[in-house]
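To start, the structure under review is shown below, and the notes come after it.
The values are calculated or read from the model by the stated rules, or taken from the named source; none is laboratory data. None of the values given here were measured: they were computed from a predicted structure. Heads up, the Cβs are rebuilt from the backbone with ideal geometry, glycines too, and the neighbour counts pull from every protein chain shown. Calculation scope for accessible area: heavy atoms of the full protein, side chains included, ligands and nucleic acids excluded. Shrake-Rupley method; radii C 1.70, N 1.55, O 1.52, S 1.80 Å.
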Amino acid sequence: MALALRALLEDMSVDMSKARVSIYRHHGGRFILVARVSQSQSLKGVGRSEYPDSEGVIGRTWDRGSTCATGLPEARPDWDDFCVREYGMDPTAVRRLKMQSRSLLGMRIESATANQAPVGLLMIESLAPRGVNGANLDGLTSLPSWPLVRLVLQEVVQCLDDGDVVI
């Protein structure tokens, strides 16, 4: 899966030294981290292994199917306040986040089987204010690597258990 995610970031021309891609499985009202890829060792680290499905850019992506957020504040106190105000995140949880993402892109992973609930999320985060943007989101599904990446994500995420994490 890591190779497929790296290919996706390369196709998107995302600066992989300032970005990471994470895959989350949805289970029981929360998202469980199952894979993370980044060129930066510090961005590959795991702060929390699960996130509620009702808050943050993650929650908005789950609800809407896709989301892009750019230009988040640079100063950490402003960034914390913005995340609480704009995305309904818990203030204590925001202060504990390690990566201060300045731009984020999310795509819901639909089930490979018709008429079944979605199975998870693809999230790309960047330290740059426009490291990922609306153009990346608009072009995601037409990338050469997308059909394979989508298929891999659908199959793998559906088969993983809560304890399976690939970092």
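Give me the one-decimal Kirkwood hydrodynamic radius in Å for segment 25-118, with the sum taken over alpha-carbon pairs.
14.4 Å
Tally up the carbon and sulfur contribution to the accessible surface of the chain as a whole percent, 1.4 Å probe, everything protein left in place.
So the carbon and sulfur contribution to the accessible surface is 49 percent.
Glu86: net charge of surrounding residues, Cβ under 13 Å, Lys/Arg +1, Asp/Glu -1, itself excluded?
Its environment carries a net charge of -2.
Roughly what % of Cα-Cα distances in segment 66-128 sit above 13 Å, to the whole percent?
67 percent
In Å², and per residue, what accessible area does the chain have when probed at 1.4 Å with the other protein chains present?
Computed with neighbouring chains in place, this is 48 Å² per residue.
Using every pair of alpha-carbon atoms in the chain, split the distances into 10 Å bins beginning at 0 and state the percent of pairs per bin, rounded to integers.
Result returned by the calculation: 11, 43, 38, 9, 0.
What shape does segment 5-63 have by the C-alpha gyration tensor, where a ≥ b ≥ c are the square roots of the eigenvalues, rounded means a/c under 1.5, and otherwise prolate means a/b greater than b/c and oblate the rest?
It comes out prolate by the Cα gyration axes.
How large is ³J(HN,Hα) for each residue in segment 35-48, as worked out from phi by the Karplus curve 6.51 cos²θ - 1.76 cosθ + 1.60 (θ = phi - 60°), to whole Hz, x for Gly and Pro?
Those phi angles translate into 7, 8, 10, 7, 6, 7, 5, 5, 7, 6, x, 10, x, 10 Hz.
Please report the relative contact order for segment 46-95, taking Cα pairs under 8 Å with a sequence separation of at least 6, and give it as a percent rounded to a whole number.
After rounding, I find 30 percent.
Relative contact order (percent) for the chain, with alpha-carbon contacts under 8 angstrom and 6 or more residues of separation?
Dividing the mean separation by the residue count of the chain yields 29 percent.
Taking the highest mean first, how do the peptides 20-28, 37-45 order by number of other beta carbon atoms within 10 angstrom per residue?
Highest mean packing first, the order is 20-28, 37-45.
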